[in-house]
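The values are calculated or read from the model by the stated rules, or taken from the named source; none is laboratory data. Worth saying up front: this structure is predicted, and the values here are computed from it rather than measured. All Cβ positions, glycine included, derive from the backbone under ideal geometry; neighbour counts span all protein chains shown.
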Amino acid sequence: MKKAKRILVFAILAAMLLSLCGCGMFRTRVAKAAIKMSKLESLHADVEMQIGMGISVLGQDVNADADVTGGVDIQRDPERVYVNMTAEVAGSEQNLLLYAVGRDGGADVYSSADGGESWTKGSIENDDSSKSSTADGKSLFLLLSDSAASFKEYGKEKINGSDAIRYKGEITSDELKQALELANVRQSLEESLDVELDDDVFADLGSVPVSIWIDVKSDMIVCVELDMSDVMQGLVPVLVDKSLEKADIGIGVNTKVYDVTVSITLSEFDAVQVTKPMTLNIG
């Protein structure tokens, strides 16, 4: 389950930590948010991802645009995660569910691709690689502090019905590369796709514009937005080619990514209780 949560948590913490080196009120606000959020027992996250992508197969163009929306509930003790996502790809919609329960030495993970009618059980065992991939907060702070200087205030907006101050900045290519190394992303991709990636895949990933909203009253981070277009334009075609090569598929496939944006809105702080899905029978 640590890997299942890490993608979401890393996106949130990275945007938060890279801001800590800002000046004046911004630094104070984010420092308060970091302390408060580190003590949370639970939260809810609404996730939206929009992907503009096209695939050409033997000269035939195929629209592969995708919209992924849904919610994630995270509870610390007992350690549980529930994910309910809907993915719409090229006009076809699919509901994806995931329920993970922590245990000694790892986690049991149950997933469904048919809206909960049937479930598949998997497991994640903690090992040295999973421990090392949990990027140390202090290291991320030191690593990403340079990009925090680019963050500027862009006024107030309503998030979850409350006033929040918006700040905008950018993570540079070099900073992103080092952050991904800290989070062990390369190893995770190689393991999940069963491929070997060359060093030059991560040589020039491009920059990532980031917006972060901090609630005026609670000092909590309530929203994070990332524009991953530059990164995915370089990374996705390589991953597709590697996967096809691994599967010994020799047909000509060209992948073009146009834009990728991710929005994570946080709410229900310390008010979430993750329970087993009703259609899941695990005793």
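Filter the stretch 197-218 for residues that are among the charged types (D, E, K, R) and either at positive phi or without any contact (Cβ under 8 Å) to a residue 40 or more places away in the chain (or both) and give the result.
Within the stretch 197-218, the first condition is being among the charged types (D, E, K, R), and the residues that meet it are 198-200, 204, 215, 217.
Once the filter is applied, which keeps residues that are among the charged types (D, E, K, R) and either at positive phi or without any contact (Cβ under 8 Å) to a residue 40 or more places away in the chain (or both), the stretch 197-218 yields D198, D199, D200, D204.
I264 falls short on exactly one of the conditions (1) part of a helix (DSSP H, G or I); (2) within 17 Å of D46 (Cα to Cα); (3) of a type in the set (A, V, I, L, M, F, W, C), and that condition is (1). If I filter the stretch 237-283 down to residues being under 30 Å from G59 (Cβ atoms) and among the small types (G, A, S), which single residue comes out as modelled with the highest pLDDT? This residue is S243. Please identify the pairs in which a residue from the stretch 29-41 that is part of a loop (DSSP other than H, G, I, E, B) has its Cβ atom under 7 Å from the Cβ atom of a residue that is surrounded by fewer than 13 Cβ atoms within 10 Å (Cβ to Cβ) and at pLDDT 75 or above, counting only partners at least 6 apart or on another chain. Correct list of pairs: L40/D270; E41/D77; E41/D270. Of all residue pairs spaced 6 or more apart or on separate chains, those with beta-carbon atoms under 9 Å, a first member in the stretch 261-278 that is more than 15 Å from W213 (Cβ to Cβ) and a second member that is assigned to a loop (DSSP other than H, G, I, E, B) and small (G, A, S) are P277/G116; M278/G116. Please tell me if I55 is in a strand (DSSP E or B), closer than 26 Å to D227 by Cβ and within 17 Å of the chain's Cα centre (by Cα). No: the conditions fail for I55. Of everything in the stretch 219-259 that is in contact (Cβ under 8 Å) with a residue 40 or more places away in the chain, out of contact with any helix residue (DSSP H, G or I) (no Cβ under 6 Å at 6 or more places or on another chain) and more than 26 Å from A203 (Cα to Cα), the residue that is surrounded by the fewest Cβ atoms within 10 Å (Cβ to Cβ) is I251. Every condition in (1) surrounded by fewer than 17 Cβ atoms within 10 Å (Cβ to Cβ); (2) within 23 Å of I264 (Cα to Cα); (3) among the charged types (D, E, K, R) is met by D73 except one, and the failing one is (1).
Name the helices (runs of 4 or more DSSP H) wholly inside the stretch 121-207 in which the number of residues that are farther than 30 Å from A247 by Cβ and modelled with pLDDT of 75 or more is 3 or more.
On the way: elements: 128-132, 137-148, 173-182, 185-193.
In the stretch 121-207, 173-182 are the helices (runs of 4 or more DSSP H) which contain 3 or more residues that are farther than 30 Å from A247 by Cβ and modelled with pLDDT of 75 or more.
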